[in-house]
Amino acid sequence: MSDASAAGRPLHRPIDSRLAFHAALHEAFGAMAAAGCREAFLVDEDFADWPLGERAVVDALVQWAGPQRRLVVVARRFDEVVRRHPRWVDWRRTWSHVVECRAFEDTPSAALPGLLLAAGCVAVHLADPLRHRGVLSRDPADLLQRREEVDALLQRTVDSFASTLLGL
């Protein structure tokens, strides 16, 4: 029996609405912080529909962040992050030594999946962002598959979204 099912949590939980997607993200950020996952990945087109700026999410990230932690954020563009999630942008500025933001050098033809992956802990995968359909998973096989998908995506990205702007 796996650790997830032993703790009374299912290995998979479907996501079928925007509310369920946000609840899954909150749960995953909390699990990431509680477990102290060393590495996490966030992937989305622009994070416009994510609750990144909510106090509970930022508080979980504050609890999670620390030495030997790494958060990689991948988006096609970051303009919506700045506009919709100023609290997260401030947190990111403080924790820039653990946060790496990446974007695509060229525009990939396929849409980016909505994905939160806390390595070895939990994944939230939004396969259909228009209908908010996806899954929250604690299944080690799913986590490995999502990690392989992230590794493939990262090969096509470059550093982006500086934490501070230099200038006069």
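Every number in this text was worked out from the coordinates using simple rules, so none of it is lab data. Note that the structure is predicted; figures quoted are calculated from it, not measured. Counting neighbours? That spans all protein chains shown, and the Cβs are built from the backbone with ideal geometry, glycine included.
For the chain, what does the relative contact order come out to in percent, with C-alpha contacts under 8 Å and a separation of six or more?
29
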To the nearest 20 debye, the stretch 70-161 has a Cα-centred charge dipole, built from +1 on Lys and Arg Cβ and -1 on Asp and Glu Cβ, of 380
Computed FRET value (nearest 0.05) for residue 55 with residue 97, which takes r as the C-beta separation and R₀ as 35 Å | 0.95
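What 222 nm value per residue comes from the helices of the chain, counting each DSSP H run with n ≥ 4 as -39,500 (n - 2.57) and dividing by all residues, nearest 500 deg cm²/dmol? Write out the running numbers ahead of the final one.
Values: 6 runs with 62 residues, N = 168.
Rounded to the nearest 500, it is -11000 deg cm²/dmol.
Using the Cα centre as the reference, give the magnitude of the dipole from point charges on the C-beta atoms of the stretch 1-149 (Lys, Arg: +1; Asp, Glu: -1; all else neutral), rounded to the nearest 20 debye. Don't skip to the answer; put the middle values down first.
On the way: 20 positive and 21 negative charges, 74 e Å.
Approximately 360 debye in magnitude.
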Beta bridge orientation in the stretch 26-168: antiparallel %, DSSP, nearest 5 = 60
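Given a Förster radius of 35 Å and the C-beta distance between residue 90 and residue 12 as r, what FRET efficiency does 1/(1 + (r/R0)^6) yield to the nearest 0.05? Can you show the working numbers first?
Details: r = 34 Å, r/R0 = 0.98.
Step by step, r from the Cβ atoms, then E = 0.55.
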At 0.36 nm per residue, minus the direct Cα-Cα distance, what do residue 63 and residue 45 gain on full extension? Give it in nm, one decimal, please.
-> 3.9 nm
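Using a 10 Å cut-off on Cβ atoms, rank the peptides 59-65, 72-78, 155-161 from the highest mean neighbour count down.
Values: 59-65: 18.0, 72-78: 19.7, 155-161: 13.1.
Put in order of decreasing packing, that is 72-78, 59-65, 155-161.
Would you mind getting me the FRET efficiency between residue 110 and residue 159? Use the beta-carbon distance for r and R0 = 25 Å, nearest 0.05. Don't jump to the answer; show the numbers that get you there.
On the way: r = 22 Å, r/R0 = 0.87.
Plugging the Cβ-Cβ distance into 1/(1 + (r/R0)^6) gives 0.70.
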Please give, to one decimal in nm, the separation of the simple spin-label points placed at residue 131 and residue 83, each 7 Å out from Cα toward the Cβ.
-> 2.8
Between 120, 23, 162, whose Cα lies farthest towards the positive end of the dipole of the chain when Lys and Arg beta carbons carry +1 and Asp and Glu beta carbons carry -1, centred on the Cα centre?
-> 23
In degrees, nearest 10, the alpha-carbon axis of helix 55-64 is tilted away from the dominant principal axis of the alpha carbons of the chain by 80
Selection from 137, 34, 96, by position along the positive dipole direction of the chain (Cβ) | 34
Enumerate the calculated ³J(HN,Hα) couplings along the stretch 9-25 in order (Karplus 6.51 cos²θ - 1.76 cosθ + 1.60, θ = phi - 60°), each rounded to whole Hz, writing x wherever the residue is Gly or Pro.
-> 9, x, 5, 10, 9, x, 10, 9, 7, 4, 4, 5, 4, 5, 4, 5, 5
